[in-house]
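Next up is a structure, given as structure tokens.
Since every read-out is calculated from the coordinates, none of them should be taken as a lab result. Everything numeric in this text was worked out from a predicted model, so none of it was measured. When we count neighbours, we look across all protein chains shown, and the Cβ atoms used for this are built from the backbone with ideal geometry, even at glycine.
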Amino acid sequence: MQILLYDTTLRDGTQREGLSLSVEDKLKIARELDLLGVHYIEGGWPGSNPKDAEFFQRIRRVTLRHAKIAAFGSTRHADATCDADANIQALVEADTPVVTLVGKSSTLHVEKVLETTPQENLAMIGDSVAYFKERGKEVVYDAEHFFDGYKLDAAYALATLTAAARAGADCLVLCDTNGGSLPDEVAAVVQVVRQHLAQEGFDVGTPDARLTLGIHTHNDGALAVANAIAAVRAGCIHVQGTINGYGERCGNMDLIPLIANLQLKLGYRCVTPEQLRRLTEVSHYVAAVANLNPDTHAPFVGHSAFAHKGGIHVAAVAKIPDSYQHIDPELVGNRMRIVVSELSGRGNVRMRAQELGLELNGNERVVLQRIKELENRGFQFEAAEGSFEMLVRRAAPDYEPPFELLDFTVVVSKHGDRDMTSQAMVKLRVGDEVMHTAAEGAGPVNALDRAIRKALLPHYPELADVQLVDYKVRIVDEHLGTAAKPRVLIESARGEERWSTVGCSENIIEASFMALWDSLELPLARRRAMAKATTESLQG
Ligand SMILES: [Zn+2]
């Protein structure tokens, strides 16, 4: 069965604390959602802010291949008309093919929050839905607090749905606004709603029925996805959620695992298999635009979702990938990763080296021993593939280091109210030649980097293209306070090529020096290995 996906990242998703999207950001995300195959994109609440109104103006000029744009707003105010209601008129101006109206389902909210009568609320729902149906719109009716309202007064909650259905709504969406419902309750209520609507003459069981049922859940009980799946299995066809579950408090229902579970586990159709392979990319793209770090442990799409670290697991996945994976990661655009760490067996080292195209020549044990020693001292190779590569390369008996750092001095000084200065002096050997260089820098690490390069550049001009693009420091033993060790992670680049290296020491300068050393030796070692391979193939 086809499921209709309704994305509200641009409206409900931006309710998340710390998340703010410009109009430009919203347009970018809308394009990406369209490529993913989402059926509806809720662009915002035009009555609530000018930014959303601008989005609706600009999205009209964007060609969407698949998705329909929806504007969100509430039913008309009590004792007023739609024509005189500013919020309703903002929805008219948004001029979208789909209008989503939110209304009250709970007598508590009608009487205490809206301060009107249950009867007037039914009229507000009916009038507002009919107003947009008369204007040829597809109308989605969001029944706010439906599950809580149902518990309080089932007959009234059902009556609000009847009001919307009779006025011509195309979809009735049951909202677990406070996110406190459990999957069994959700399924049971959806069943009751279906029976009720059938008695009223509305069949909601198929996607092409005149009226469909939808579900909108929140994650306050960590059950948003489970609740949405329960609702779908009970007969909801339309599902509302956000990318990465962004939303108020603990978030909205995360469309990413919902799509993957419905499609891969339960046989529903949400998007095409090609679109499903975009899932990882879409999740990371939206995180990047929202300026949030992607959750590395997110199910299906996280960097660690299919990472294998324990030695036994790695040995097993090397033989049968499915042995420790619930799905083939490529179906959602992710990949299996082998993590190298002190927990690893020789199999991890072998597979990781293979992935990097490195020959181990029987050195697994030596490399693993070295990794264990260094991890004990606070190093971590999981995110430092460049340093792992250098360990493997240096373990080869015929490895000739392109240079050797003999010693260094770093001086950081501040005189009066002048700026701080940093100077580094380095003693370094290339072949038989020993060199002394000195350089100043924006900080001690920068000065060190410059001094090392100054000595190396005459011998290795190719290092001129190598850039340090990221520098991160993390404290290894947080509970030790100042005695804790800094671990430095450096990311370097040459064109499209990237590698990260690690250093760890009680002294942050020494930790940086170690990571810097690996980061500069790696491109030279790679080039030598390549040159050697070419010579050998020419000779052979
Ligand atoms: Zn919501």
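For residue 265, list the aspartates and glutamates whose Cα falls under 18 Å from its own Cα; do not include residues on the same chain fewer than 8 positions away.
254, 274, 322, 328, 330
Assuming 0.36 nm per residue, please report the length gained on full extension of the stretch residue 134 to residue 496 beyond their Cα-Cα distance. Walk me through the intermediate numbers first.
Working: separation 362, 0.36 × 362 = 130.32 nm, distance 5.55 nm.
Full-extension gain reported as 124.8 nm.
Sorted by mean Cβ packing within 10 Å, highest first, what order do the peptides 228-234, 435-441, 64-70, 89-95 take?
Peptide ranking by packing, descending: 228-234, 89-95, 64-70, 435-441.
Using Stokes-Einstein with the Kirkwood hydrodynamic radius over Cα pairs, what translational diffusion coefficient do you get for region 319-438 at 4 °C and a viscosity of 1.567 mPa s, in µm²/s rounded to a whole number?
Working: Rh = 17.9 Å.
Here the translational diffusion coefficient equals 72 µm²/s.
Just subtract the alpha-carbon distance of residue 68 and residue 412 from 0.36 nm times their residue separation and send over the number in nm, one decimal.
Between residue 68 and residue 412, full extension yields an extra 117.9 nm.
So what is the relative contact order for region 232-327, in percent, with contacts set as C-alpha pairs under 8 Å and at least six apart?
For region 232-327, the relative contact order is 15 percent.
What distance in nm separates the two pseudo spin-label positions at residue 335 and residue 123, each 7 Å out from Cα along the beta-carbon direction?
6.4 nm
How big is the Kirkwood radius of region 385-476, worked out from every pair of different alpha carbons and given in Å to one decimal? Please report the intermediate quantities before stating the final value.
Details: mean 1/r = 0.0661 Å⁻¹.
In region 385-476 this quantity evaluates to 15.1 Å.
Per residue of the chain, what 222 nm ellipticity follows from adding -39500 (n - 2.57) for every DSSP H run with n ≥ 4, rounded to the nearest 500?
-12000 deg cm²/dmol
Here's a follow-up. Tell me the angle of helix 508-539 to the major Cα principal axis of the chain, expressed in degrees between 0 and 90 and rounded to the nearest ten.
That helix lies at roughly 80 degrees to the long axis.
Give a residue-ordered list of calculated ³J(HN,Hα) values for region 4-9 (Karplus: 6.51 cos²θ - 1.76 cosθ + 1.60, θ = phi - 60°; whole Hz; x for Gly, Pro).
Per-residue couplings from phi come out as 9, 9, 10, 9, 10, 4 Hz.
Write down the radius of gyration of region 108-157 and its Dmax, each obtained from C-alpha positions, in Å.
Just the Cα atoms of region 108-157 yield Rg and Dmax of 12.3, 35 Å.
Could you give the radius of gyration (one decimal) and Dmax (whole number) of the Cα atoms in region 27-67, in Å?
Gyration radius and largest Cα-Cα distance of region 27-67: 10.3, 28 Å.
Something else about it: Give me the angle, in degrees from 0 to 90, between the Cα long axis of helix 118-134 and the longest principal axis of the Cα atoms of the chain, rounded to the nearest 10.
So the inclination is approximately 80 degrees.
Anything over 32 Å Cα to Cα? Flag those among 427/485; 319/472; 68/112; 485/532; 372/472, in the order listed.
Listed pairs above 32 Å: 319/472; 68/112; 485/532.
Another one. If I fit a long axis through the Cα atoms of helix 50-59 and take the longest principal axis of the Cα atoms of the chain, what angle between them do I get, 0 to 90°, rounded to 10?
The angle comes out at about 80 degrees.
So, counting K/R as plus one and D/E as minus one, what does the shell of residues with Cβ under 13 Å around residue 66 add up to?
Net local charge, residue 66 excluded: 0.
Next question, about the same structure. On each of the three principal axes of the Cα atoms of the chain, give max minus min coordinate, whole Å, ordered largest first.
Principal axes ranked by extent give 93, 63, 48 Å for the Cα atoms.
Can I ask one more? What are the residues whose amide H is under 5 Å from the amide H of residue 144, where those residues sit 5 or more places off or on another chain and H is modelled from the backbone?
Here the answer is 103, 105, since their amide H atoms fall under 5 Å of that of residue 144.
Under a 5 Å amide H to amide H cut-off, with H placed in plane at 1.01 Å, what residues pair with residue 4 once short-range neighbours are removed?
Counting only residues 5 or more places away or on other chains, the set is 238, 239.
If contacts are Cα pairs under 8 angstrom and at least 6 residues apart, what is the relative contact order of the chain in percent?
For the chain, the relative contact order is 9 percent.
In addition: Taking the simple approach of a point 7 Å from Cα along Cα-to-Cβ for both residue 15 and residue 507, what is their distance in nm?
Placing both labels 7 Å beyond Cα along the Cβ direction yields 5.5 nm.
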